[in-house]
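The values are calculated or read from the model by the stated rules, or taken from the named source; none is laboratory data. None of the values given here were measured: they were computed from a predicted structure. For neighbour counting, all protein chains shown are included, and Cβ atoms are generated from backbone atoms with ideal geometry for every residue, glycine included.
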Amino acid sequence: MYWVSLSRQSDIDEIAFCHRLCFANSLSVGLGNNYIKKMFGWFFSGKNNFLLHVFNEQNKIVGYCGGFSPSYKGDGSTSGMMRYAMKEAITGAISHPALLFHKEVFPFYPVILKNIFRKIFKKKIEVKEQDEKTAIDKRIGLVVIGVHPLYRNKGVFELLMTRFEKEAFERNIHTLTLSVKKDNKRAVNAYKKIGWQVFKEENKILYMTKALAY
């Protein structure tokens, strides 16, 4: 039997451990455990973020997923998470400089540079961003998801996604979005199986959406 719950700050250590098992060769794991814990800590930094986890009969976390609802155009989970965990990311990169050439880093360089400029010209950028904030239609994006390798194909993914949808519905948000690598056929098919549809393709990324019934 499995149960799903909203995560708390006290769950981060175990969620981080599960993440390392799920994505052993990822950039986040390479940057170190402090970065991973700070990364997941971002989900507790604002009311528009949330983190869920699934635990088994031994009370061990075997899966997790996180969501984010942007408030205005340009309000992104990637940039928000990067700003929140910048110190830990830099420390991890200094400890493992080869990570600067990791294939997952290249798409983040614009975000990294933007955040460096934010640090240098903080006040001017904040004023400009305040002026440029434009409201957008409500939606919740799936930011992260992982299932323990030993618990895949056992219903954990479906349980997480069902609760993810419920969390969106309870926030009165009925549009869900996510991005996934095009060559990740297993994930793409899993999302399609539960009603997600591709609405845009850009480079090697598929953007998918699902509308919840009112």
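Taken over region 50-78, the residue count meeting the criterion of being closer than 16 Å to Arg152 by Cβ and loosely packed, with under 13 Cβ neighbours inside 10 Å is 0.
Highlighted here are the helices (runs of 4 or more DSSP H) found entirely within region 1-49 that include at least 2 residues which are of a type in the set (A, V, I, L, M, F, W, C) and buried (at least 19 other Cβ atoms within 10 Å of the Cβ): 12-22, 33-41.
What number of residues within region 163-188 are surrounded by fewer than 13 Cβ atoms within 10 Å (Cβ to Cβ) and over 21 Å from Ser26 (Cβ atoms)?
First, pick out the residues of region 163-188 that are surrounded by fewer than 13 Cβ atoms within 10 Å (Cβ to Cβ): 170, 172, 181, 183, 185-186.
Keeping just the survivors that are over 21 Å from Ser26 (Cβ atoms) gives 170, 172.
Qualifying residue count for the region: 2.
Of all residues in region 31-44, those that are among the small types (Gly, Ala, Ser) and at pLDDT 95 or above total 1.
Give region 1-37 a look and list any residue that's among the hydrophobic types (A, V, I, L, M, F, W, C), over 21 Å from Phe55 (Cα atoms) and under 15 Å from the mean Cα position of the chain (by Cα), or say none. Reasoning before the result, please.
Taking region 1-37 first, the residues among the hydrophobic types (A, V, I, L, M, F, W, C) are 1, 3-4, 6, 12, 15-18, 21-24, 27, 29, 31, 36.
Going one step further and asking which of them are over 21 Å from Phe55 (Cα atoms), we end up with 27, 29, 31.
Selection gives Leu27, Val29.
So, in region 164-214, of the ones that are of a type in the set (A, V, I, L, M) and in a helix (DSSP H, G or I), which residue ends up nearest to Leu6 (Cα to Cα)? Give the derivation first.
Let us first name the residues in region 164-214 that are of a type in the set (A, V, I, L, M), namely 168, 173, 176, 178, 180, 187-188, 190, 194, 198, 205-206, 208, 211-213.
Remaining after also requiring in a helix (DSSP H, G or I): 168, 187-188, 190.
Numbers: Ala168: 13, Ala187: 23, Val188: 25, Ala190: 23 Å.
Result: Ala168.
How many residues does region 167-214 contain that are hydroxyl-bearing (Ser, Thr, Tyr), more than 19 Å from the chain's Cα centre (by Cα) and at pLDDT 95 or above?
Going through region 167-214, the residues hydroxyl-bearing (Ser, Thr, Tyr) turn out to be 175, 177, 179, 191, 207, 209, 214.
If we keep only those that are more than 19 Å from the chain's Cα centre (by Cα) too, we end up with 214.
After this cut, where a residue has to be at pLDDT 95 or above as well, the list is none.
Total meeting the criteria: 0.
Scoring Asp183 on the criteria (1) under 21 Å from Phe43 (Cβ atoms); (2) touching a residue at least 12 places away in the same chain (Cβ under 8 Å) leaves a single failure, condition (1).
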